[in-house]
1. Which FRET efficiency value, to the nearest 0.05, do you get for A:Asn21 and A:Gln265 by plugging their Cβ-Cβ distance into 1/(1 + (r/R0)^6) with R0 = 41 Å?
2. For a Förster distance of 45 Å, can you work out the FRET efficiency between the beta-carbons of A:Arg168 and B:Lys253, rounded to the nearest 0.05?
3. So what is the calculated 222 nm ellipticity per residue for the protein assembly as shown, using -39500 (n - 2.57) for each DSSP H run with n of 4 or more, over all residues, to the nearest 500 deg cm²/dmol?
4. To check you understand DSSP bridge types, tell me what percent of the beta bridges within chain A (both residues inside) are antiparallel, rounded to 5.
5. May I ask for the distance between the Cα centers of segment C:16-54 and segment B:104-157, given as a whole number of Å?
6. Net charge near A:Ile228: determine it from the other residues with C-beta under 12 Å of the C-beta of A:Ile228, scoring Lys and Arg +1 and Asp and Glu -1.
7. Using unit Cβ charges (K, R positive; D, E negative) and no other charged atoms, how large, in debye to the nearest 20, is the dipole of segment A:46-133 about its Cα centre?
8. Extending each Cα 7 Å along its Cβ direction at C:Leu17 and B:Leu189, get the distance between those two points in nm, one decimal.
Amino acid sequence: MTLLTITNLTKKFSNKLAVNNVNYTLTPQKCVALIGPNGAGKTTILRMLTGLLKPSSGVIQFANKPKNDDARSFIGYLPQYPVFYNWMTGMEFLTFSGQLEGLTKQESVKRATFLMEKIGIANTKNKRIGNYSGGMKQRLGIAQAIIHRPKLLVLDEPVSSLDPIGRREVLSLMEELKQQMTILFSTHILGDADEISDELLLLKEGEIIESGEMHVLRQKYQTAKISIQCHENLPIYRDKISTLSSVRNVYIERDTIQITAHNIQNARQEILQIASKEQWPLTNFTLHRASLEDMFMKVVNE
Amino acid sequence: MHTKVLLQKEMLENWRNKKWIWVPLVFLLLAIMDPISNYYLPQILESIGGLPDGTVLELPEYAPQDILLMSLGQFSSLGVLLIVLISMGTIAGEQKNGVMDLLLIKPISYRSIILAKWFSLLLLVWTSLFLGITASWYYTNSLYGEIEFLSMLLVTFYYGLWLTLVVTISIFYNAIIQTPGLVAFLTILTTIILSIVTNVFGTHIKWSPVNLSTYIHEMLVLGSVTSQLIATAFTTIVLIIIILSVAIYCFKKKQH
Amino acid sequence: MQEMFESINWAVITPLLVIQGILLIIAIIDWAKVEKTNGPRWMWFFIIIFIYTIGPIAYFIFGRRQQ
């Protein structure tokens, strides 16, 4: 099953290559995170998908799109810094958006009322958008993007500008929406991607340097890592651990000794043996799975 | 369909920001300033005093047509300036602050966006013009002498074409530039260049839109619509259609 | 001066004063409702009140935040 195919997508701004030969296939009902450092070309890719920017070369093709249909009606888009008509009320703006998407006035009003409720700002539906908070605007932005039930929802940094509460609200809204549509969102915060995405696209300097399903990538970049905490004398234990054959690297990070190993199972045994033999005052012993951040750093720095 | 929705939005916006109140009022003010001040000029000069006794004030006797034309003169300078200022950000501003993005991702045509903006401005301008000329006509009739109602309607129609051209030029610059101040500057510059060119090559371009005022004057004096006026009106309409089409084309191009 | 006042036909002048009055009132109402203006808010109050007719118009064109 394919929703959308991106082939050889490239964008040049005057002489700078912003996006270089990107290929990807989106499948329905998946949540895909587009990750990369600032300036990697995330926004440029998303804007090309939504039709706001024309690619220098390459093709974006919706599967099963009737030839004469406007691709924009399949997509809902929330820009990184959504700007609204501040003189409108939230309800008016949603109704207006719905009508522009081709709904009748009545359908639009009905759908807008429903969405205002769903995103939790129904009590302010007749207030001017100018008086909305950042989180409310962000949720209104998502509501206008899904008013026509698009197949693909494109969100540009949907949670980066929000406080923890707003962030939580938007993430759980996305969690719910991904049952109904494909979500493609960009972020530079790895935790957000970790939390809700099924697939990952890692972008660096306009190129996809790694992509795939989350659990596959996790295995691929699994780094064996152990961290232990002791009451005292960390340097002494560090030196002892570094002599073990299964250990690759040891260093101290504040009150913790971080250990990476060639073979995680052997390393665990060896460390626990020596620790119990010499009766180290251990307070904590942890085996880590690879965090997204490790993976990110590894790939980006390669 | 979409144009209608967009137009409704424009109308609501211009109602909420009170343009529908103050723009017609300013046009009314511009229209009745001259009829009133000229009527009271002798008294005003007398009350200021300072003139030696026995001075005979020789003030020009105005024909009713002159008075109506004075109102048009106000529209041509301050009225045009006002139109340029209220229209300078209508698209440019929305592109600059990013709100246009939320329109452009909807499956609507670029033409709808331009046409809705253009038409909403025209409704405002034509309403204001009609009110202003009606007021000027009313004052002229009660203070100076009669002008036929039909003449007044014709003046409104032909002069409205000139203002429509100004609106269209502003929309054109709006479509291609994102800085409202620059849009205003270029719109005014274009009308100035248009009148300079018309004056320099006057004999060759008799049907320049700039000459609308001259032929409207002629019409009022002669009491009939001349073929020159009709030809000029026609040129103006053609020019408006061309500029508007180019504006839509450029707006479409520019988005990519 | 007295003479001039008596000679004025108020039916002619009144519309002028009414228009200027409405402009002033609308501008003040709008100013009172708006939270932010371009430039200091109080400056616009004085401009609207003290600059005859031009003040309210200037407020609508330049003082009011668009969008």
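1. On the way: r = 41 Å, r/R0 = 1.00.
Calculated value: 0.50.
2. Numbers: r = 43 Å, r/R0 = 0.95.
Result of the calculation: an efficiency of 0.55.
3. -18000 deg cm²/dmol
4. On the way: 36 of 54 bridges.
Within chain A, antiparallel bridges account for around 65 percent of the total.
5. Segment C:16-54 and segment B:104-157 have Cα centres spaced 26 Å from each other.
6. Numbers: positive: A:Lys225, A:Arg238, A:Lys240, A:Arg268; negative: A:Glu253, A:Asp255.
Local charge sum for A:Ile228: +2.
7. Details: 12 positive and 6 negative charges, 12 e Å.
Computed charge dipole of segment A:46-133: roughly 60 debye.
8. Reported label-point gap for C:Leu17 and B:Leu189 is 4.6 nm.
Read the figures in this text as sums done on the coordinates, not as results from a lab. Just so we're clear, the structure is a prediction, and the values are computed from it rather than from any experiment. Backbone-built Cβ (ideal geometry, glycine too); neighbour counts: all protein chains shown.
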